[in-house]
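The values are calculated or read from the model by the stated rules, or taken from the named source; none is laboratory data. These figures come from a predicted structure and were not determined experimentally. We place every Cβ from the backbone using ideal geometry, glycine too, and count neighbours over all the protein chains shown. All accessible areas refer to the heavy atoms of the entire protein, side chains included, with ligands and DNA or RNA removed. Shrake-Rupley method; radii C 1.70, N 1.55, O 1.52, S 1.80 Å.
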Amino acid sequence: MDVSRISGVKGAPLPKPPAIQRFFDSVPVSVAIYVIVVGLIVYGSFTGAQNMGYNWQWYRIPQYLYSFTDDGFQWGEIMIGLVATLQLSVTAFALATALGLLVALLRLSGLIVGSAVAVGFLELIRNIPLLVLLYLFYYVLGPIFGFDRYTASILTLAVFHAALISEILRAGINAVPRGQWEAAKSIGMTQFQTYRYIVLPQSVRFMLPPMTGEVVHLIKSSAIVSVIAVAELTTIGRNIISDTYMSFEIWFTVAAVYMAVTLILSAGVSYLERRYSVDQ
Amino acid sequence: MKFSRRMLGLALAATAATGLALPASAQSTTQGLSSESVIETIKQDGVIRIGLSLFVPWSMRDKNGDLIGFELDVGRQLAEDMGVEVEFVPTAWDGIIPALVSGNFDVIISGMSVTAQRNLTINFTDPYAYSGLAILANKSMTEGMSLEDFNKPEITFAARRGATPAAVIAENFPNATLLLFDEDGASTQEVLNGNAHASMAAQPTPNREAGRNPETLSVPFENLYDPRGEAFGVRKGDPDAMNYFNNWIAQQWRSGWLEERHNYWFATEEWADQVAQ
Amino acid sequence: MQNFVKKLKWPDYLILALLVGFFGYIWYSIEGTLNYKWRWELIPGYIVGWHSGREEWFANLLLQGLAATVRISIYASILALILGTILGVARCSANLTVRMLARTYLEFLRNIPPVVVVFIFFFFLSQQLIEALDLERWARGIARQEDIGVWEFFFGEMRRFPSLVSGVIVLALFESAFVGEIVRAGIQSIPRGQREAARSIGMSRVQELRYIVLPQAMKRVVPPLANQFITLIKDSSIISLISVQELTYKTVELVASSRMIFEAWITTAAFYFLVCFTLSRVFARLEKRGKAGER
């Protein structure tokens, strides 16, 4: 942007930075330095761990990802754990959305007891850590209602994220212009009909971006259920570590798998957002 | 001028260092091993750090929030005999072996059973306690039954899936029906409810459960299945520590102290009022 | 009262009925099927107890854990604030390398579950740091001294100091990613005109940052940072998995020692709730007052 073009003021142009600075500021060089720095960090931690007496055994990792047996190609334990994590997350997310919708509607309803219950639920869940909530569900409510660990995990994740989702839903519903509500009322629709045909369909557009963020959040939260030994990715990782003591390799592999999943999901979501973005 | 002076200084320092290093490298291997032993660090620091994980009655917190239990008695006696302070490092059970290997503490005294798999990563001393699995049975349902009577298809055992008792029951009572559960307390609950005739657990749990529910539960036989020893866990490559701890444990067996302490904590409930049991 | 009852509609009654049914079922199964003996009277003793040996009042397990959680949260917040500010500034830097490095670190921490991050940082970093600085001997030296009241107030039992440091470092590193994002948003919300004006009067980038951008940015991000502090207190429960003696870990110990499963976990949940809820109310009120004064 040239100042002289805007205001018509003429003057000597700003001096260009010296050539060497321009060299280092250029994109390829910056990227090269970045790669070098990251490489140094990785190399440094590698040798540092080795000097501590840690025995790197990367060659043992692939068998946990996949293997070729007599029956043909088989997924390894880590991949099976990943599938279990995804199953757990999808179930919990569905339940969380249903519960979140219920809570959001209660809050918006204007019912005295209803909104009190909703607000009480929200404040309670939002101020207790997830781990403590999991222990509560598994050790306290588990014996009472007869939950097994899988059910307790799903319920914990669902309840925890329902509190977050209900806020997203409520904000989405509130974002629908008031005019829509008034128009619906003026043609004689009941509240229920307004929600079902006018408001909720339009609010989906506002809710979609934060909801997808919430899916990623839930996949990350699901790792906590490893403390009660539910079969999923982190649990399997910890089990392999306790058998083989390859702490670093396994933890990095598990972290890489989680990162791959969340990055793919986020990329997919951005793509969808761009494809279906609506002009206001 | 400055440069050459600096070079001279460096050269002198290097020669001096090598000169001093030469006799040090002649240090024998045995001296090296001893100086690296954990016994040496314990003596130098004046403290023995013991890693443990809370498990009744091995170790637990009493009403004052202090640590009491069989392990605590063992650890305090050990420290007293070594003439050092004792520090207990409560650690989560599934991280206790990695914590030992990383050096968070000097020895594991936590009712750890000697298993071949654990032995691949750490070394074990001689056992300082023995335990095994015992049968916990529903009193009314198993009145007057002998050991062989338990190995019949009408008899139901309850066990936790994947745990040692499940494998032991399957091996010793192949004709009986085995119900598998995911939860720890579930198998005991089934026997209490009368949905199963019996289950197995590591002593002293069966004795304590039977003590808590004397009308419903009993421990009908003294037989111990899958007998195991519990030992101290130490890092690999430390012969001095192994020798010291083994001799200490042997002496405590000879004097009867270990047996007396074990009985106090595992066979009686005299300590129960100190803890909120 | 009559006005209140008039405002209740039929769904309210339905909800009330459901709630009564729900809690009634819980009560019935606890008393009846499970045969659980409530021992609430023991809980206060586990918060503040009369030590039978030493004949004095002392903070017992739960209060020790709560104090540890508060200490760890405060120290980790301070550290996370420093690290996060550096990260946030780095994310807005003109240098592409610095931006990319910061972005990598942030993405790494934001896409991996907290549990995994805690374990990785614990094994990779804190162990090494503690050994390198020989913190254990130093802490033991202090613990052996006579008058350590002040040390114990700030750091708890000095013999467990290294594990406190582990917890603080791990928590701070994890939270610094979120603080970094907040700071970045704050910096980017400062109008470009400010920065151009600064450059036009000849300020260097550092001066521009120090005198113009950061003061305004930090003032803007105080509300999200306050919320992040509350989140940090909740996230601190995860470090119980690396055996740091904070509230969740102490509760696990309490349950293992006394089998008061229900009472212990309900009490601990209540502690966390009290702390976080109170803080969020206080922050909300302060924010309101701050906004009122802004005009």
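Restricting attention to the stretch B:99-123 and to residues that are away from chain C (no Cβ under 14 Å) and in contact with an Asp or Glu (Cβ under 9 Å, 6 or more places away or on another chain), the residue that is nearest to B:V234 (Cα to Cα) turns out to be B:N123. Within the stretch C:131-152, take every residue that is away from chain B (no Cβ under 13 Å) and in a loop (DSSP other than H, G, I, E, B) and give me the one that is farthest from B:R49 (Cα to Cα). Ranking the candidates gives C:D147 first.
Assessment of the stretch A:194-215 against the conditions (of a type in the set (S, T, Y) and within 22 Å of A:R149 (Cα to Cα)) yields no matching residue. Quick one: would you say C:I169 is away from every other protein chain (no Cβ under 13 Å) and within 19 Å of B:G103 (Cβ to Cβ)? When the stated conditions are applied, C:I169 passes them. Looking across A:V269, A:V254, one residue alone is within 14 Å of chain C (Cβ to nearest Cβ) and either open to solvent by 20 Å² or more (accessible area, probe 1.4 Å) or touching a strand residue (DSSP E or B) at 6+ places or on another chain (Cβ under 6 Å) (or both). It is A:V269.
Among the candidates A:R238, A:R196, single out the residue that is part of a helix (DSSP H, G or I), free of Cβ contacts under 8 Å to residues at least 40 places away in the same chain and surrounded by fewer than 15 Cβ atoms within 10 Å (Cβ to Cβ). Going through A:R238, A:R196 in turn, the sole match is A:R196. In the stretch B:35-58, what residues are in a helix (DSSP H, G or I) and open to solvent by 30 Å² or more (accessible area, probe 1.4 Å)? Answer for the stretch B:35-58, where residues must be in a helix (DSSP H, G or I) and open to solvent by 30 Å² or more (accessible area, probe 1.4 Å): B:S35, B:E36, B:E40, B:T41, B:K43, B:Q44, B:D45. Of the numbered criteria (1) within 17 Å of A:A98 (Cα to Cα); (2) among the small types (G, A, S); (3) open to solvent by 70 Å² or more (accessible area, probe 1.4 Å), the one A:G172 fails is (3).
Can you confirm whether C:L87 is without any contact (Cβ under 8 Å) to a residue 24 or more places away in the chain and either open to solvent by less than 70 Å² (accessible area, probe 1.4 Å) or within 14 Å of chain A (Cβ to nearest Cβ) (or both)? In short, no. Of all the criteria given as (1) within 14 Å of chain A (Cβ to nearest Cβ); (2) out of contact with any Asp or Glu (no Cβ under 9 Å at 6 or more places or on another chain); (3) among the charged types (D, E, K, R), the one not satisfied by B:D238 is (2). Scanning the stretch C:262-292 for residues that are among the aliphatic types (A, V, I, L, M), open to solvent by 50 Å² or more (accessible area, probe 1.4 Å) and under 25 Å from C:Q64 (Cβ atoms) yields C:I266, C:L274, C:V282. Considering only residues in the stretch A:15-31 that are surrounded by fewer than 11 Cβ atoms within 10 Å (Cβ to Cβ) and β-branched (V, I, T), the one that is nearest to the other protein chains (Cβ to nearest Cβ) turns out to be A:V27. A Cβ distance below 8 Å, combined with a sequence gap of six or more or placement on separate chains, defines the contacts here; from the stretch B:116-131, residues that are at pLDDT 85 or above and open to solvent by 40 Å² or more (accessible area, probe 1.4 Å) reach residues that are in a strand (DSSP E or B) and basic (K, R) in the pairs B:Y130/B:R228. Within the stretch B:77-113, being among the small types (G, A, S), surrounded by 21 or more Cβ atoms within 10 Å (Cβ to Cβ) and in a helix (DSSP H, G or I) holds for one residue alone: B:G95.
For every residue, the table says whether it meets (1) in contact (Cβ under 8 Å) with a residue 24 or more places away in the chain; (2) open to solvent by less than 70 Å² (accessible area, probe 1.4 Å).
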{"residue": "C:L66", "(1), (2)": "yes, yes"}
{"residue": "C:R91", "(1), (2)": "yes, yes"}
{"residue": "C:L106", "(1), (2)": "yes, yes"}
{"residue": "C:L109", "(1), (2)": "yes, yes"}
{"residue": "C:I112", "(1), (2)": "no, yes"}
{"residue": "C:F121", "(1), (2)": "yes, yes"}
{"residue": "C:F153", "(1), (2)": "no, no"}
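Against the definition (surrounded by 22 or more Cβ atoms within 10 Å (Cβ to Cβ), within 14 Å of chain C (Cβ to nearest Cβ) and more than 17 Å from A:V225 (Cα to Cα)), how does A:A118 come out, yes or no? Considered against the rule, which asks whether it is surrounded by 22 or more Cβ atoms within 10 Å (Cβ to Cβ), within 14 Å of chain C (Cβ to nearest Cβ) and more than 17 Å from A:V225 (Cα to Cα), A:A118 comes out as yes.
In this structure, A:I165 does not satisfy being of a type in the set (V, I, T), more than 10 Å from chain C (Cβ to nearest Cβ) and without any contact (Cβ under 8 Å) to a residue 24 or more places away in the chain.
When the stretch B:142-181 is limited to residues that are open to solvent by less than 60 Å² (accessible area, probe 1.4 Å) and modelled with pLDDT under 80, the one that is farthest from B:Y225 (Cα to Cα) turns out to be B:F181.
Within the stretch B:50-66, the set of residues being farther than 13 Å from B:I96 by Cα, within 9 Å of chain C (Cβ to nearest Cβ) and touching a residue at least 12 places away in the same chain (Cβ under 8 Å) comprises B:F55, B:V56, B:S59, B:M60, B:R61, B:D62, B:K63. Among the residues of the stretch B:114-144, those that are in a loop (DSSP other than H, G, I, E, B) and either among the acidic types (D, E) or on the phi > 0 side of the Ramachandran plot (or both) comprise B:E143, B:G144. Could you say which residue among A:L101, A:L108, A:L136 is open to solvent by 20 Å² or more (accessible area, probe 1.4 Å) and free of Cβ contacts under 8 Å to residues at least 40 places away in the same chain? Matching residue, one of A:L101, A:L108, A:L136: A:L136.
Residues of the stretch A:84-98 that are open to solvent by less than 30 Å² (accessible area, probe 1.4 Å) and of a type in the set (S, T, Y): A:T85, A:S89. Here B:A267, B:A202, B:A198, B:A250 are screened, and the one residue that is modelled with pLDDT under 80 and aliphatic (A, V, I, L, M) is B:A267.
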